[in-house]
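Let me begin by presenting the structure, written as structure tokens, before commenting on it.
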Number of protein chains: 2
Amino acid sequence: MLSYTEENYLKALLKLSFQNEDKPEAGTNEMAAYLGVKPATATDMLKKLKEKDLVTYQKYGKILLTDTGKKNAIAILRKHRLWETFLYEKLDFSWDEVHEVAEQLEHIQSAKLVDKLEEFLNFPEFDPHGDPIPKANGEIPILAKTLLSALEPGSSCKVAAVKDTSTLFLQYLQKLQITIGTKIKILEVIAFDGSLSIQIEDEEPRTVSMKFADSLFVQR
Amino acid sequence: MLSYTEENYLKALLKLSFQNEDKPEAGTNEMAAYLGVKPATATDMLKKLKEKDLVTYQKYGKILLTDTGKKNAIAILRKHRLWETFLYEKLDFSWDEVHEVAEQLEHIQSAKLVDKLEEFLNFPEFDPHGDPIPKANGEIPILAKTLLSALEPGSSCKVAAVKDTSTLFLQYLQKLQITIGTKIKILEVIAFDGSLSIQIEDEEPRTVSMKFADSLFVQR
DNA sequence: TATAAAAGTTAGACTAACCTAACAAATAAA
DNA sequence: TTTATTTGTTAGGTTAGTCTAACTTTTATA
């Protein structure tokens, strides 16, 4: 049985492995920073996780989840994203409110609960941020997605997921009435600063920054 | 902010105060036994709770929740019972499965979550065991209820709540197809051993023990 | 390639929540 | 009312998870 804290370390390692796409290893400081603890603390926990065969690592080396470790981490991610979906769809939480509560709910221990929740939500494939929800067997649905900034002027797309999940960005999206599935047409790209003129659904055209376009995943 | 453990102590004290109806104080051993810890541990925690003004107590004296302590304990009970209702009604958990998971869910910290959950469940007044769900303001609905064993032969009633919440009893009820609201008619009381001949809804008469009749609350 | 900077580890300390063993107070029984 | 029993407390110890400060290893740079 994993402690609340151990679970958080595993989840952090999984998240970091997604971030460093090519090489899924993480460093001690990186992990500590992610979790908001000091490197010394992370080192201690790493020893414990290694003892339990959840990570492979040696002194001064890189950290990698073992198969068991990864399986556990995916199970936690699954819970997190199912709960986010529940909060968003059933309890009317807004996009930027779900994460914090799901951070707590993801640690609830009950296999039945997770599976029943999934069924109750009608087996959703993606969470409110557009991130894939792992299946009970650990499979993670993949959706071909590109950054909005990668599209050509004139092309159309649908919002698939957010890359940046900060409150400020999510609230901005909400203000623009953009959610997962919203249709966007790129009208023009301003060469000067990379900003974009876009049409959201059938609204009036508006301009967004390059930073914006780099924070939103879309589906062609 | 209360820790998970502190919350459990407060909840235990509230539960004990319900049990000892006339005098709501509890003793150290009583509390320790209820929580499955040693008396020494309970003493330590008591000092902490007193420090935080959640209980009144002095060395070798009785323990009593303060107003703040009681308010907190009721909030936890509220969450517990709302979650039980959710699990039972929305996720098809059975009567005897809800408690264990609700024990975990009751510690989730989010005022919005509780209130939204209550709304989602349509402001239920009683949980699956028939116990009252405290309102957001701390009020606890009361339902006039008596033990089945207190009724006269010939009288009819509706199941209001269970006194015994053990798995064995709950499973037995399930087998008899008794839930909250089920109609029961008392046909005969056997003087010899206090057992009862009863009719459940419109089924064939059957006999239940005195222990059974002492474990079920009904409404006349 | 020598050295400075960055990354990671060790040692020692703290807190919360638990324990056991020994003791003290309150209550019940003889 | 003395004594035995029950109830409750204290002292000292353990573990998980955290910290700081000092140290070591690796990596990057001059």
Any residue at all in segment B:61-80 that's more than 16 Å from DNA strand C (Cβ to nearest atom), assigned to a helix (DSSP H, G or I), within 14 Å of chain A (Cβ to nearest Cβ) and in contact with a His (Cβ under 9 Å, 6 or more places away or on another chain)? yes
Given the conditions (1) among the charged types (D, E, K, R); (2) under 26 Å from residue A:101 (Cα atoms); (3) in contact with a strand residue (DSSP E or B) (Cβ under 6 Å, 6 or more places away or on another chain), every one holds for residue B:118 apart from (3)
Residue count, segment A:53-63, condition surrounded by 14 or more Cβ atoms within 10 Å (Cβ to Cβ) and touching a helix residue (DSSP H, G or I) at 6+ places or on another chain (Cβ under 8 Å), comes to 5
Filter segment A:18-60 for residues that are among the charged types (D, E, K, R), under 19 Å from the mean Cα position of the chain (by Cα) and more than 8 Å from DNA strand C (Cβ to nearest atom); the one that is nearest to residue A:5 (Cα to Cα) is A:25
Checked segment B:96-114 for anything closer than 13 Å to residue B:8 by Cα and assigned to a helix (DSSP H, G or I); matches are B:102, B:103, B:104, B:105
Screening A:173, A:168 for residues that are without any contact (Cβ under 8 Å) to a residue 12 or more places away in the chain and not in a loop (DSSP other than H, G, I, E, B) leaves only A:168
Per the list (1) of a type in the set (Gly, Ala, Ser); (2) closer than 22 Å to residue A:163 by Cβ; (3) touching an Asp or Glu at 6+ places or on another chain (Cβ under 8 Å), residue check on residue A:26 breaks on (3)
Note on segment A:188-203: residues part of a strand (DSSP E or B) and surrounded by 15 or more Cβ atoms within 10 Å (Cβ to Cβ) are A:189, A:196, A:197, A:198, A:199, A:200
Exercise for the section: For residue A:91, indicate whether it is outside the structural domain of residue A:175 (by the TED database) and surrounded by 19 or more Cβ atoms within 10 Å (Cβ to Cβ). Expected result: no
Screening A:23, A:62, A:38, A:11 for residues that are farther than 22 Å from residue A:106 by Cα, modelled with pLDDT of 95 or more and not hydrophobic (A, V, I, L, M, F, W, C) leaves only A:38
So, first residue away from chain A (no Cβ under 14 Å) in segment B:17-44, second residue within 8 Å of DNA strand C (Cβ to nearest atom) and in a loop (DSSP other than H, G, I, E, B), Cβ within less than 7 Å, six or more apart or across chains; the pairs are B:32/B:38
Sole miss for residue B:123 among (1) under 14 Å from the mean Cα position of the chain (by Cα); (2) at positive phi; (3) not small (Gly, Ala, Ser) is condition (1)
Cβ pairs under 6 Å, 6+ apart or interchain, first in segment A:204-217 and assigned to a helix (DSSP H, G or I), second loosely packed, with under 15 Cβ neighbours inside 10 Å, ordered by first then second residue, are A:210/A:194
Taking first residues from segment B:103-127 that are facing chain A (nearest Cβ under 10 Å) and second residues anywhere that are acidic (Asp, Glu) and part of a loop (DSSP other than H, G, I, E, B), the pairs with Cβ under 7 Å that are 6 or more apart or on different chains are B:116/A:92
Here the residues within segment B:46-96 that are within 16 Å of DNA strand D (Cβ to nearest atom) and among the aliphatic types (A, V, I, L, M) are B:46, B:49, B:54, B:55, B:63, B:64, B:65
Flagged in segment A:2-16 as among the aliphatic types (A, V, I, L, M), touching a residue at least 40 places away in the same chain (Cβ under 8 Å) and within 11 Å of DNA strand D (Cβ to nearest atom), in numbering order, are A:2
Counting only residues that are under 18 Å from residue A:71 (Cα atoms), of a type in the set (Gly, Ala, Ser) and surrounded by 15 or more Cβ atoms within 10 Å (Cβ to Cβ), segment A:102-137 contains a total of 1
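The values are calculated or read from the model by the stated rules, or taken from the named source; none is laboratory data. Only a predicted model underlies this, so the values are computations on that prediction, with no experimental measurement involved. As a convention, Cβ positions derive from the backbone with ideal geometry for all residues, glycine included, and neighbour counts pool all protein chains shown.
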